[in-house]
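This report concerns only the one structure given below.
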Amino acid sequence: SVALAEPRNAEHLGNYASLDLRAARRFQTRAGLIAVFLEVSNALNRRNDCCVEYGNDAEDGFEYERQRNLPIIPSVGVSWQF
């Protein structure tokens, strides 16, 4: 069996859309500047195609599977400048 790349290369990933949000606040203190933030990545929880995972299949040559990007990811952080 010979692996052919044509079917694999003929596929296209769909349109990508994502909404990332960030809110931050800074506080000046005697000890320095403190900043706190809250971020939300992929706030609309879109299931965008992000990449393709390839492998070998004994019968068909190549096998591939579309992978989805990450779901909603919140994060909180603090930085201190002194």
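The values are calculated or read from the model by the stated rules, or taken from the named source; none is laboratory data. In this text, all values refer to a predicted model and were calculated from it rather than measured experimentally. Here the Cβ is made from the backbone with ideal geometry for all residues, glycine too, and neighbour counts use every protein chain on show. Ligands, DNA and RNA are stripped out before the accessible areas are found, and what is left, the full protein with its side chains, is counted by its heavy atoms. Shrake-Rupley method; radii C 1.70, N 1.55, O 1.52, S 1.80 Å.
Where in the stretch 27-82 are the strands (runs of 3 or more DSSP E), entirely inside, with at least 2 residues that are among the hydrophobic types (A, V, I, L, M, F, W, C), over 17 Å from Ala17 (Cα atoms) and open to solvent by 50 Å² or more (accessible area, probe 1.4 Å)?
Counting at least 2 such residues, we get 32-41, 73-81.
Please list, ordered by first then second residue, the pairs with beta carbon atoms under 6 Å, 6 or more apart or interchain, first in the stretch 45-64 and closer than 20 Å to Asn15 by Cβ, second among the basic types (Lys, Arg) and at pLDDT 75 or above.
Listed by first residue and then by second, the contacts come to Arg47/Arg68; Asp49/Arg66; Val52/Arg66.
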